[in-house]
Amino acid sequence: MVLINLRHLTPHSLLRHSPLLPKQLPSLKTRCFSAAMTTAAMSTSTKKVLVPIANGSEPMEAVITIDVLRRSGADVTVASVEKQLRVDACHAVKIVADALISDCSNTVFDLITLPGGMPGATNLKDCGILESMVKKQAADGRPYAAVCASPAVALGSWGLLKGLKATCYPAFMEQLAPACAATVESRVQQDGKVVTSRGPGTTMEFAVTLVEQLYGKEKAEEVLGPLVMRPNHGDEYTITEFNPIQWTFDNCPQYSRHGGEDCLCGELGYVCRSFGSCNGEFCFGGGSGLGFILVPIADGSEEMEAVMIIDILRRAKANVVVASVGDKLEILASRKVKLVADMLLDEAAKLSFDLIVLPGGLGGAQAFANSEKLVNMLKKQIESNRPYGAICASPALVLEPNGLLKGKKATAFPAICDKLSDQSEVNNRVVVDGNLITSRGPGTSMEFALAIVEKVFGRNKALELAKVMLFCRM
């Protein structure tokens with residue numbers, strides 16, 4: 001068998017290496033035909049996907065879908081249905097789209113897939129341009145999909161589930177019922193060209209199903225490996241714990257959105273009543289908070305891991321501050337999702353945190369390791385006996401080389417676990433050792449975040465959240 005490197009393929013080299021053709025230089029006509037065939041073959045390998053987002057979209061559902069599809073090689077366009085590119089998703093997560101939906105109206109997509117979240121699903125439904133695009137997608141027999149509230153609120157309202165089996169978030173099943181042939185409680189339901197799913201905790205399975213729909217089972221399995229997904233979807237998560245201690249948070253500053261109902265500023269100037277810190281977007285004041293947690297992000301951070309950690313901890317009512325390690329608030333994550341931090345790390349370094357949690361991603365972990373300020377913050381965290389954690393590449397590339405895993409059991413992304421000095425527990429999905437928590441990768445991020453919730457607020461609270469998100473069975 002002759003193997004050809006397609007990256008460096010030219011029409012001439014294709015024919016020269018082919019055992020089926022004569023060795024002489026082919027005619028111009030043959031070369032042009034070969035070039036056309038090669039171009040056609042390569043173009044069909046890249047599928048165009050549209051993921052529309054809106055104010056109030058569920059960030060986990062949007063980002064997981066985008067990330068997983070881009071891992072498969074799909075050309076994913078994230079389009080805002082708002083008047084601006086930046087979207088304020090649920091749980092104060094800020095995402096910057098690639099384009100406005102109006103810029104995409106004349107593009108043919110191989111797949112259009114809608115995240116859920118409320119009022120995000122309603123905002124998607126109310127977008128006339130998007131409605132027209134998805135209806136044309138259906139009329140042309142091309143795939144479309146939705147998760148959480150969107151199957152009922154958007155697809156059902158548009159009449160695009162008639163005669164089909166579908167599922168959605170449990171609270172919307174009654175609304176879905178008259179819009180489709182039958183409602184099912186499957187975590188992911190595929191009926192012909194249409195795929196629907198239930199919520200944040202089923203979105204990774206949903207996204208992998210979309211990969212299989214676009215590219216086939218072999219590609220889906222290829223994408224599955226590095227995700228480190230769990231095989232027993234719906235079961236309760238487990239933690240491997242050593243040297244158990246109670247994680248207690250100080251009576252820490254409260255954090256709120258500036259200008260909102262719970263704004264801590266005396267007025268809309270940037271002077272807070274008590275703690276004395278406001279960056280115009282968020283303000284911090286004295287009082288009884290539910291933990292003050294820092295989640296740093298950087299160019300190259302793994303967006304699924306970052307967003308799941310932020311989203312779940314904020315669902316638990318923890319005060320999460322997202323800080324950019326770079327010199328601007330907007331970062332470009334590992335799969336090209338654009339996220340906006342709450343503040344720069346320089347500003348966050350002036351504050352005291354009960355917990356610091358590092359997402360992974362190779363580029364992001366390297367940026368963390370190169371940040372003397374962040375490393376010093378982590379060292380002070382340990383000196384103060386306060387909890388800290390990391391997932392994916394960050395335990396091996398940030399904590400280990402800085403001596404922050406000394407005497408601790410930990411895990412990391414499978415491909416770089418050999419960088420850990422103690423590898424005895426690397427096969428566990430979430431490892432807690434005293435005030436340290438580590439985990440493996442994107443597919444363990446939800447368990448990782450829920451384990452943090454459990455350590456801070458108790459297992460009942462964590463399981464309650466897990467069931468609301470459909471990560472565990474209700």
Notebook entry, point to check: Inside the stretch 405-433, can you point out the residues that are in a loop (DSSP other than H, G, I, E, B), farther than 20 Å from residue 455 by Cα and open to solvent by 10 Å² or more (accessible area, probe 1.4 Å)?
Noted result: 406, 407, 413, 421, 422, 423, 424, 426, 427
Next item on the list: Residue by residue through the stretch 82-97, note down the ones that are touching a strand residue (DSSP E or B) at 6+ places or on another chain (Cβ under 7 Å) and in contact (Cβ under 8 Å) with a residue 24 or more places away in the chain.
Entry: 86, 87, 88, 89, 92, 94, 95, 96, 97
Checklist line | Whichever residue in the stretch 80-91 is in a strand (DSSP E or B) and under 12 Å from residue 338 (Cα atoms) and, among such residues, is least open to solvent (accessible area, probe 1.4 Å) | finding: 87
Note to self: If I filter the stretch 440-449 for residues that are open to solvent by 40 Å² or more (accessible area, probe 1.4 Å) and in contact with a Lys or Arg (Cβ under 7 Å, 6 or more places away or on another chain), do I get at least one hit?
What the structure shows: no
Margin query: What are the pairs with Cβ atoms under 9 angstrom where one residue, in the stretch 129-151, is on the phi > 0 side of the Ramachandran plot and the other, located anywhere, is of a type in the set (Phe, Trp, Tyr) and outside any loop (DSSP other than H, G, I, E, B)? Sequence gap at least six, or different chains.
Written below: 148/172
Next item on the list: Can you give me the number of residues within the stretch 183-214 that are over 16 Å from residue 149 (Cα atoms), hydrophobic (A, V, I, L, M, F, W, C) and open to solvent by 30 Å² or more (accessible area, probe 1.4 Å)?
Entry: 0
Check: If you check every pair at least six apart or on different chains, which have Cβ atoms under 8 Å apart with a residue in the stretch 354-381 that is over 12 Å from residue 296 (Cβ atoms) first and a residue that is among the acidic types (Asp, Glu) and not in a helix (DSSP H, G or I) second?
Finding: 354/250; 363/299
Item checked: Residue under evaluation residue 186, criteria (1) in contact with a Pro (Cβ under 9 Å, 6 or more places away or on another chain); (2) not in a helix (DSSP H, G or I), criterion not met -> (1)
Notebook entry, point to check: Identify, please: which residue in the stretch 154-173 is in a helix (DSSP H, G or I) and more than 13 Å from residue 198 (Cα to Cα) and is, among those, farthest from the chain's Cα centre (by Cα)?
Noted result: 156
Notebook entry, point to check: Any idea which residue in the stretch 393-404 is farthest from residue 334 (Cα to Cα), counting only those that are under 26 Å from the mean Cα position of the chain (by Cα) and open to solvent by 10 Å² or more (accessible area, probe 1.4 Å)?
Noted result: 400
Notebook entry, point to check: Within the stretch 115-130, can one find any residue that is part of a strand (DSSP E or B), crowded, with 17+ Cβ neighbours inside 10 Å, under 20 Å from the mean Cα position of the chain (by Cα) and not basic (Lys, Arg)?
Noted result: no
Note to self: With the structure loaded, tell me whether residue 343 is hydrophobic (A, V, I, L, M, F, W, C) and either open to solvent by 10 Å² or more (accessible area, probe 1.4 Å) or closer than 26 Å to residue 239 by Cβ (or both) or whether it fails that test.
What the structure shows: no
Notebook entry, point to check: Looking at the stretch 297-392, what strands (runs of 3 or more DSSP E) fall wholly within it and have at least 3 residues that are acidic (Asp, Glu), over 30 Å from residue 468 (Cα atoms) and in contact with a helix residue (DSSP H, G or I) (Cβ under 7 Å, 6 or more places away or on another chain)?
Noted result: none
Note to self: Name the single residue that is farthest from residue 76 (Cα to Cα) among those in the stretch 342-353 being without any contact (Cβ under 8 Å) to a residue 60 or more places away in the chain and of a type in the set (A, V, I, L, M).
What the structure shows: 349
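The values are calculated or read from the model by the stated rules, or taken from the named source; none is laboratory data. Please read these numbers as outputs of a predicted model, since none were measured by experiment. Positions of Cβ are backbone-derived with ideal geometry, glycine not excepted, and every protein chain shown enters the neighbour counts. What goes into the accessible areas is simple: the full protein's heavy atoms, side chains included, and nothing from ligands, DNA or RNA. Shrake-Rupley method; radii C 1.70, N 1.55, O 1.52, S 1.80 Å.
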